[in-house]
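Engineer: Can you keep this structure in mind? I'll have questions shortly.
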Amino acid sequence: MKTAMSKAMNEVMNGTNARAEQRAVAMRASLAHKVSAHTHAEGNTLTEIPGLRLYRRSEPSACVSAAYEPSLVVFLQGQKQINLGKTTYLCDGSTFVLTSVDLPVVSQVIAATKKEPLLGLLLKLEMPLVREILSQQEFHLGGESADAHGMAIGTTSVELLDACSRLVDLLDAPQDIPFLSCLIQREIIYRLLRSLQGKHLRAIATLGEQSHRTAKAVEWLRGNYAKPLRIEELATMARMGVSTLHHQFRSLTAMSPLQYQKQLRLHVARERMLNEGLDAASAAFEVGYESASQFNREYSRFFGQPPMRDVKARRLTVNATARD
């Protein structure tokens, strides 16, 4: 009798899960169509909704460095690979990426065509708003892992897709954006906080938590990357011991404080050479290097070729994309 009941319950659950998956597939396709309708150019498209950007890429790309800020990225088509330290995240049309702190990453579009481009949306997360929502809801923080990660990947739920779809719909009703966009964004943050990946965002946003104090150290490094790094002072700022800070920092960013600073300096130098026309030596000193030769060595090791050759190649890529 029990075996028959268990079998019947399993069949009901399997049927429910199958219907939910079918609904999610249909909603992803619908949202992809909406995003495609609002993205005619390659790359990022800014929208009238504060914090919302749409993304299209019609062909695979080389590895590109970027600084990810606290945000939600929902992928709808194609595939993208994100490398954070030694950790690799593979993103496809069924996934979202939650970033809770500023992180230097290297990413690459690995599957995209003109017929089926990589499509997605990015919503910037404001941590004060996250904390406000946490204070109003009964999120059970007790017993969660103290080792929060600054980046986490998950499967996009029907509820999250629905909220994102309604947010994108506002682009066709701009008169409703000032009132409704903030309400829908609050719902999206609520859905994230309730997801399996939400524990990382909750830990970082909760005042007094070790992850929150580590995030403050990350924030300080982000704003003072050109200054000499004194790990003891950074640990004092975070109100923890040096070994604890190293452990928490590596859990959060997938790298040590020194590695984080080095990668951030290289990312910033690369962008300044590209956008401001600085030569390699000037960029090196601007971001805190005392030796241009050391900068050249570390840049070549990280990006695969010397600074000016790399920047020239990036300019050619950007110009080719603009012509398309």
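The values are calculated or read from the model by the stated rules, or taken from the named source; none is laboratory data. Note that this is a predicted model, so its numbers are computed, not measured. So basically every Cβ, Gly included, is an ideal-geometry build from the backbone, and we count neighbours across all protein chains shown. Quick note on the areas: whole protein, heavy atoms, side chains included, nothing else; ligands and nucleic acids left out. Shrake-Rupley method; radii C 1.70, N 1.55, O 1.52, S 1.80 Å.
Engineer: Across 10 Å bins from the origin, how do the percents of Cα pairs in the stretch 203-324 run, short distances first?
Structural biologist: 13, 37, 26, 18, 5, 0
Engineer: Which whole-number percent gives the relative contact order of the chain, counting Cα pairs below 8 Å spaced six or more residues apart?
Structural biologist: Relative contact order comes out at 15 percent.
Engineer: I'd like the Karplus ³J(HN,Hα) series for the stretch 257-265: coefficients 6.51, -1.76, 1.60, θ = phi - 60°, whole numbers in Hz, and an x wherever there's a Gly or Pro.
Structural biologist: Going residue by residue, I get x, 5, 5, 4, 4, 4, 5, 5, 4 Hz, with x marking Gly and Pro.
Engineer: Next question. Counting pairs of alpha carbon atoms under 8 Å apart in space and at least six apart in sequence, what relative contact order in percent does the stretch 133-270 give?
Structural biologist: Value for the stretch 133-270: 28 percent.
Engineer: For q = 0.31 Å⁻¹, what log10 I(q)/I(0) does the stretch 91-133 give under the Debye formula with an equal point scatterer on each alpha carbon and no solvent?
Structural biologist: The Cα Debye sum returns log10 ratios of -1.28.
Engineer: Under 5 Å between amide hydrogens, which residues at least 5 positions from Leu278 or on another chain qualify, with H placed 1.01 Å from N in the peptide plane?
Structural biologist: Under 5 Å from the amide H of Leu278: Met273.
Engineer: Same structure again: Per-residue HN-Hα couplings for the stretch 221-229, Karplus 6.51 cos²θ - 1.76 cosθ + 1.60 at θ = phi - 60°, whole Hz, x for Gly and Pro?
Structural biologist: 4, 4, x, 9, 4, 7, 7, x, 8
Engineer: Moving to a separate point now. Restricting the calculation to Cα positions, tell me the Rg (one decimal) and the Dmax (whole number) of the chain in Å.
Structural biologist: Cα-based Rg and Dmax for the chain come out at 21.6, 78 Å.
Engineer: Express in whole angstrom the spacing between the alpha-carbon centres of the stretch 200-271 and the stretch 31-110.
Structural biologist: Using only Cα atoms to place each centre, the spacing works out to 24 Å.
Engineer: Something else now. Quick one: longest stretch of the chain between exposed loop GluC sites (Glu not before Pro), exposed meaning at most 11 other C-beta atoms within 10 Å and loop per DSSP? Working shown, then result.
Structural biologist: Numbers: sites that count: Glu48, Glu138, Glu290.
Maximal segment without exposed cleavage sites: 139-289.
Engineer: Rank Ala226, Thr88, Leu119 by how far each Cα sits towards the positive end of the charge dipole of the chain (+1 on Lys, Arg Cβ; -1 on Asp, Glu Cβ) and give me just the farthest.
Structural biologist: The one lying farthest along the dipole's positive direction is Thr88.
Engineer: Now, a different point. Which value, in debye to the nearest 20, gives the size of the charge dipole of the chain about its Cα centre, when Lys and Arg are +1 and Asp and Glu are -1 at the Cβ? Could the numbers behind the result be given before it?
Structural biologist: Working: 39 positive and 32 negative charges, 136 e Å.
The dipole of the chain has a size of about 660 debye.
Engineer: Using a cut-off of 22 Å between alpha-carbon atoms, which lysines can reach Lys114, once sequence neighbours fewer than 8 places away in the same chain are excluded?
Structural biologist: Counting by Cα, and skipping residues close in sequence, Lys114 has these lysines nearby: Lys34, Lys80.
Engineer: Per residue, how much accessible area does the chain have with a 1.4 Å probe, in Å²?
Structural biologist: Heavy-atom SASA per residue in the chain reads 51 Å².
Engineer: Please report the carbon-and-sulfur percent of the accessible area for the chain; probe 1.4 Å, protein heavy atoms only, DNA, RNA and ligands left out.
Structural biologist: 53
Engineer: So what is the diffusion coefficient of the stretch 38-190 in µm² per second by Stokes-Einstein at 10 °C and 1.306 mPa s, using a Kirkwood Rh over Cα pairs?
Structural biologist: 97
Engineer: Pop out the ³J(HN,Hα) list for the stretch 104-111 in order, Karplus 6.51 cos²θ - 1.76 cosθ + 1.60 with θ = phi - 60°, rounded to Hz; leave Gly and Pro as x.
Structural biologist: For the stretch 104-111, the Karplus curve yields x, 10, 10, 10, 8, 6, 10, 8 Hz.
Engineer: Stick to the Cα atoms of the stretch 70-117, pair each with every other, and give me the Kirkwood hydrodynamic radius in Å at one decimal.
Structural biologist: Numbers: mean 1/r = 0.0878 Å⁻¹.
The Cα-based Kirkwood calculation yields 11.4 Å.
Engineer: Could you work out the longest stretch of the chain that avoids the trypsin sites (Lys or Arg not before Pro) located in DSSP loops with at most 14 other Cβ atoms within 10 Å?
Structural biologist: The reported range is 116-229.
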